[in-house]
Amino acid sequence: MQKIAVIGTTTWGITLAILLANKGSEVRLWARTQKEANKIRKKGSNPARLPDVVLPEQIVITSKMGEALDDVSAVILAVPSATMRQNISQVASHLSKSTIVISAAKGLEIGSNKRMSQVIAEEIDPRFESNICVLSGPNLAREIINNHPAAAVAAAEDRETAKKAQRLLTCPNFCVFTNSDIIGVELGGSLKNIIALGAGIADGLGYGDNAKAAFVTRGLTEITALGMALGANPLTFSGLAGLGDVIATCASPLSRNHYVGTELAKGRPLAEILESMTEVAEGVNTTLVATNLAEQLGLEMPITEKIHQVLYEDADPHQAAVELMGGNARHELSGRRWRLFSLFRRRKKTSST
């Protein structure tokens, strides 16, 4: 029986713990404090996040990192991006050469502008970097807990590491594909949250499906451009970690980022919305990081810029939406330093030789 550690009692962390336990793995679920561990142990669930979900008996709840990581074959970090560095620094001393380290977070680190795999790599023994893997895709936790079919992507620079994660996580209703483009998979999972904020605003304003479809499509093109500038394969953004995640997050009322956008459209202050939530809407911080990256790269990202104005500059959501939908028309693949046309230029040159 495989022993797996799940770091974080987030909704996604609990969901993955249940999935693995039902598959037959011995799961250690790490809670931040003894008080939290006792509460979950007593209630059989996380009453703040999933009060109606009972944890399988195979899941051991602990607040001791050493106990959680003792002799495990994999550790899954299902924590907010803002606390990833803090958590992996506690995990690092317990890792071995054979331990797979899987990031299940969908965000970017404020300040460093780094992806979660980069944060992890900075905190662990360099010998173990090939064991880093990321998990992303259209994964609404509530649907997976209810045993609805879903798919995800496990991405790693080391192909064997991705395959190990795939074997670990795949079960009848949760199909995990592999990918070697860790940059694209992480960026897709993170940046789509910005688009989900905008989609929520569009829904909150009652703009209808035509407007939202246009907005979401333009948003996907925009994050593909940023992904290419950072070294990602553009095709990744047409896959599960890109288009797939965008569809789920922008369309579902289960999406936290969509919820934030909808509430902003109602006129609620951002601070009030976030205070009322039990979990993190990663798109709020990711918007800051993406804006910084766009400025550094001289890259045009009009949707991200407008969402930033709404979140941090008190811009009116309705006016921002009007400006986006009524923007200057041009070729849909054009944008300052987007480089998307280079794909077609290379293809044309190759076909003519």
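Observations, loosely collected:
- Considering helices alone, the calculated mean residue ellipticity of the chain at 222 nm is -15000 deg cm²/dmol, with DSSP H runs of length four and up weighted by -39500 (n - 2.57) and normalised per residue.
- Relative contact order computed over the chain (Cα-Cα under 8 Å; 6+ residues apart), in percent: 14 percent
- Cβ-to-Cβ counts within 10 Å put PHE177, PHE215 in ascending order as PHE177, PHE215, the fewest first.
- Compactness check for the chain: Cα Rg over 2.2 N^0.38 Å is 0.99.
- Total charge dipole magnitude, the chain, about the Cα centre, Cβ charges on Lys, Arg, Asp, Glu only, Debye to nearest 20: 800 debye
- Within the shell of other residues whose beta carbon sits under 9 angstrom from the beta carbon of ILE132, the net charge comes to -3, with Lys and Arg scored +1 and Asp and Glu -1.
- Between ARG41 and ALA151, the modelled label-to-label distance comes to 4.1 nm, taking each label 7 Å out from Cα in the direction of the beta carbon.
- Using alpha carbons only, the radius of gyration of segment 164-279 set against its Kirkwood radius gives Rg/Rh = 1.03.
- Highest mean packing first, where packing is the average number of other Cβ atoms within 10 Å per residue, the peptides 300-313, 80-93 line up as 300-313, 80-93.
- Pairs from the list LYS43/LYS64; LYS39/LYS114; LYS43/LYS114 with a Cα-Cα gap above 31 Å: LYS39/LYS114; LYS43/LYS114.
Throughout, read-outs are computed from the coordinates displayed, never taken from laboratory work. Computed from a predicted model, the values in this text were never measured in an experiment. Reconstructed Cβ throughout: ideal geometry from the backbone, glycine too, with neighbour counts over all protein chains shown.
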